[in-house]
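Student: Have a look at this one before I ask anything.
Any read-out appearing in this document is the output of simple, stated calculations on the displayed coordinates, not a laboratory observation. All of these numbers come straight from a predicted model, not from anything done at the bench. Reconstructed Cβ throughout: ideal geometry from the backbone, glycine too, with neighbour counts over all protein chains shown.
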Amino acid sequence: MKFIKGELEGLYIIEPTIYSDDRGYFYESYRKDLFREKTGFLGEFVQDNESYSTKNVLRGLHFQLPPFAQAKLVRVIHGEVLDVAVDIRKNSPTFGQHQKVVLSCENKRMFFIPEGFAHGFLTLSEIAVFSYKCSNLYAPNYEGGFAWNDPVLKIDWTEKNPIISSKDAQLRYFDTFTA
């Protein structure tokens, strides 16, 4: 596995070593000892989630507040997405900045997003199956989010009219963030 430091402190793009032959392929998608050594993440992943989305579906930007903040290890099992992490750590020099990465079943890249980031993705392919490990359980009373088209964050999603949930349509703007 190759661990590439992200543009923002704590983010990592992970490229697995793929073993292919005429039967197909094999790779390790997670290995605790190597993951800890390369990222410094000492937490545990306690919940796995999977979503299915059609083209132009945008999910996010979501996060959970302490004590239920979540680190995530995300990847695409089928299709392709534009994945985005936004730094919401108040004392970070990159507070309010974001990083984008394309994840697909072809490139098999994974994206590690530590606690203190909001996260979202846009489906680029006709369908996408998105999988992610979380370091904390889902806690609806501690969840938050920002509008996908927030004028302060200035994220170029490449899609002007994505399909979003009614819940995501109610998300606030970044400049109201107080946590």
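Student: In a Gaussian network model over the chain where Cα atoms closer than 10 Å are linked, find which of Leu34, Leu153, Leu58 has the largest mean-square fluctuation.
Tutor: With Cα springs under 10 Å in the chain, the top fluctuation among Leu34, Leu153, Leu58 is at Leu34.
Student: If each DSSP helix of 4+ residues adds -39,500 (n - 2.57) and the sum is divided by the residues in the chain, what number results at 222 nm, nearest 500 deg cm²/dmol? Intermediate values should be presented prior to the final figure.
Tutor: Working: 1 runs with 8 residues, N = 179.
The helix contribution divided over the chain gives -1000 deg cm²/dmol.
Student: Moving on to the next point. Output the peptides 50-56, 112-118, 160-166 sorted from most to least packed, where packing is the average of other Cβ atoms within 10 Å over each peptide's residues.
Tutor: Descending packing order for the listed peptides: 112-118, 50-56, 160-166.
Student: Taking N as the number of residues in the stretch 18-122, what value does Rg over Cα atoms divided by 2.2 N^0.38 Å take?
Tutor: Working: Rg = 15.0 Å, N = 105, 2.2 N^0.38 = 12.9 Å.
Normalised Rg, Cα atoms only: 1.16.
Student: How charged is the neighbourhood of Glu15? Take every other residue with its Cβ under 10 Å from the Cβ of Glu15, and add Lys/Arg as +1 and Asp/Glu as -1. Show your work: numbers first, answer last.
Tutor: Numbers: positive: Lys2, Lys108, Arg109; negative: none.
Neighbour charge sum, excluding Glu15 itself: +3.
Student: Principal axes first, then extents: for the Cα atoms of the chain, list largest minus smallest coordinate on each axis, whole Å, largest first.
Tutor: So the three principal-axis extents are 52, 36, 27 Å.
Student: Residues with beta-carbon under 15 Å from that of Trp157, excluding Trp157: net charge, scoring Lys, Arg +1 and Asp, Glu -1?
Tutor: Details: positive: Lys55, Arg59, Lys100, Lys154, Lys160; negative: Glu80, Asp83, Asp150, Asp156, Glu159, Asp168.
Within the 15 Å Cβ shell, the charges total -1.
Student: Could you calculate the contour length gain from Lys55 to Phe26, that is, 0.36 nm times the residue separation minus the distance between their Cα atoms, to one decimal place in nm? Write out the running numbers ahead of the final one.
Tutor: Details: separation 29, 0.36 × 29 = 10.44 nm, distance 2.73 nm.
Fully extending the segment from Lys55 to Phe26 adds 7.7 nm.
Student: If I take every Cα pair under 8 Å that is 6 or more residues apart in the chain, average their sequence separation and divide by the length, what percent do I get for the relative contact order? Walk me through the numbers on the way to the answer.
Tutor: Numbers: 389 pairs, mean separation 51.6, N = 179.
Rounded, it is 29 percent for the chain.
Student: Can you tell me how the stretch 1-42 classifies by the Cα gyration tensor, rounded, prolate or oblate, using a/c under 1.5 as the rounded cut? Before the final figure, lay out the partial values.
Tutor: Values: a/c = 4.36, a/b = 2.02, b/c = 2.16.
Since a/c reaches 1.5 but b/c is at least a/b, the shape of the stretch 1-42 is classed as oblate.
Student: So if the hydrodynamic radius of the stretch 20-78 is defined as the Kirkwood radius over C-alpha pairs, what does Stokes-Einstein give as its diffusion coefficient at 20 °C and 1.002 mPa s, in µm² per second? Provide the component values of the computation, followed by the final result.
Tutor: Details: Rh = 14.8 Å.
Calculated translational D: 145 µm²/s.
Student: In whole angstrom, and with the biggest value first, how far do the Cα coordinates of the stretch 74-179 range along each principal axis?
Tutor: Its Cα atoms span 38, 31, 28 Å along the three principal axes.
Student: Pull up the DSSP beta bridges for the chain and report the antiparallel fraction as a percent, rounded to 5. Before the final figure, lay out the partial values.
Tutor: On the way: 49 of 51 bridges.
Percent antiparallel among DSSP bridges in the chain is about 95.
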